[in-house]
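Working notes, beginning with the structure itself.
What follows draws every value from the coordinates through simple rules; no lab data is involved. The shown structure was predicted, so the numbers you read here are calculated from the model rather than taken from an experiment. So basically every Cβ, Gly included, is an ideal-geometry build from the backbone, and we count neighbours across all protein chains shown.
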Amino acid sequence: MNRMRVCGVEIKSNEAILCLMASNQGLFELPDCRSNRLQLVNDQDPEQIRKFQFSLAKLAEDYRISHFVIRERPQKGKFAGSAIGFKIEAALQLIPSVETVILSSADIKESLSRTPVPIDFKETGLKGFQEPAFISAYAFLAK
């Protein structure tokens, strides 16, 4: 795997929390990104969903993102994802120019056990709320 740029996505409530990460011959970098979260204001309005999806597609185009990487969320039970969260997931999956990968917690755990994160998260310069998105992006690139 030569040069690859991905965007880790943590879906929380009505927003997508983002972490841009690049890998070049085994070296990881965290490029600056104009957005660290995008909010879906009204999931009942198709125009708002289109606008949200357009913003993500434009971000992918501008930063040459090849993959969105989402941590899988349970569909039922105590920690189940919300309906709006699954709409956000679908909006990402339907962007034709970017592949969307959904990683299970087991896949992430296995990847991190083989290739632990080489830096303490606090040293990345990212916001604390971006850590799950960072871990998803790293686990995907480290595979």
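General remarks:
- Per residue of the chain, the DSSP helices (runs of n ≥ 4 H) give a summed -39500 (n - 2.57) that works out to -11000 deg cm²/dmol at 222 nm.
- Structural descriptor for region 3-142: relative contact order 33 percent, calculated from alpha carbon pairs under 8 angstrom and at least 6 residues apart.
- Highest-first arrangement of 84-92, 60-68, 135-143, 20-28, where packing means the average Cβ count within 10 Å: 135-143, 84-92, 60-68, 20-28
- Scaled against 2.2 N^0.38 Å for its residue count N, the alpha carbon radius of gyration of region 3-142 is 1.01.
- Segments 97-108, 118-129 sorted - mean Cβ within 10 Å per residue, highest first: 97-108, 118-129
- Counted over the chain, the DSSP beta bridges are approximately 65% antiparallel.
- Spatially close Lys pairs in the chain, defined by Cα atoms under 26 Å apart and a spacing of eight or more places or different chains, total 24.
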